Amino acid sequence: MSDDHTRVQEFFTARAADWDRRFPDDGPAYAAAVAELGLREGARVLDAGCGTGRALPPLRAAVGPSGTVLGADLTPAMLREATRAGRGHDGTLLLTDVSALPLRSGSLDAVFAAGLIAHLPHPAENLRELARVVRPGGVLALFHPIGRAALAARQGRSITPDDLRAEQNLRPLLTGSGWRMTSYVDEDARFLALAVRAG
């Protein structure tokens, strides 16, 4: 396991048991972001970096009983919390790295990724891997339940020009990774960038 993976696992393992209690009011923001994916009954979707699985219930509601919902995370403690919260009933939980997904190319209709991009050790490569598993025309949602400025304030830091989520940085990153950005919102109440799989 790389040092990057170890750091991510250590960070989230230490916070897993308390994660949902720290952010109890995020449910409506997750549901609204999932709705913007435009998923249909029977669709196949991955929650990449699913953590405690807060997106799994709205994803299941969107694709219905005939759809496929997968939740992938690198940290066993987060997946245990997802199971403890009963969210494993809404999707199949996978202990895996999003940089090497055990999925066939083009097998998904969409990827939902909440808070993931800041934790990717190699964003361009990792976004290419997400593009690999999505069919052409499929959708990617990069989401955070609060905007960049609000998140920076919560963490006691300032937004810098090299912030990966800034539109001027994110758009070319997505383009170079097989995606075409179709929508970008950065407000206090949420961050949401939508992209379509090119090709």
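The values are calculated or read from the model by the stated rules, or taken from the named source; none is laboratory data. Computed from a predicted model, the values in this text were never measured in an experiment. Here Cβ is always computed from backbone atoms with ideal geometry, including for glycine, and neighbour counts include all displayed protein chains. Quick note on the areas: whole protein, heavy atoms, side chains included, nothing else; ligands and nucleic acids left out. Shrake-Rupley method; radii C 1.70, N 1.55, O 1.52, S 1.80 Å.
Ignoring ligands, DNA and RNA, what percent of the accessible area of region 36-136 is carbon or sulfur (1.4 Å)? Don't jump to the answer; show the numbers that get you there.
Details: 2040 of 4020 Å².
Roughly 51 percent, rounded to a whole number.
Packing-based ranking of 67-74, 171-178, 98-105, 126-133 yields 67-74, 126-133, 171-178, 98-105, ordered from highest to lowest mean Cβ neighbour count within 10 Å. All distinct Cα pairs of region 54-99 go into the 1/r average, and the inverse of that average, the Kirkwood radius, is 10.7 Å. Quick check on region 1-74: take the gyration tensor over C-alpha atoms, sort the square-rooted eigenvalues as a ≥ b ≥ c, and tell me if it's rounded (a/c under 1.5), prolate or oblate. The shape class here is oblate.
So, in Å, what gap is there between the alpha-carbon centers of region 31-61 and region 156-199? The two parts, judged by their Cα centres, are 19 Å apart. A simple rule links phi to the HN-Hα coupling: the Karplus curve 6.51 cos²θ - 1.76 cosθ + 1.60 with θ = phi - 60°, which for region 97-103 gives 8, 5, 7, 8, 6, x, 10 Hz, with x for Gly and Pro. Rounded to whole numbers, the Karplus 3J(HN,Hα) couplings from phi for region 61-66 are 4, 5, 9, x, x, 8 Hz, using 6.51 cos²θ - 1.76 cosθ + 1.60 with θ = phi - 60°, and x at Gly and Pro. Per residue, the chain reaches -10000 deg cm²/dmol at 222 nm when only DSSP H runs of four or more residues are counted, each adding -39500 (n - 2.57). Note on the chain: with charges restricted to the Cβ of Lys and Arg (+1) and Asp and Glu (-1), its dipole about the Cα centre is near 340 debye. Shown here is the pair-distance distribution of region 106-199: with all Cα-Cα distances grouped in 5 Å bins from zero up to the longest one, the shares run 3, 15, 26, 26, 17, 9, 4, 1, 0 percent.
Surface exposure of the chain, expressed per residue as accessible area with a 1.4 Å probe, stands at 46 Å².
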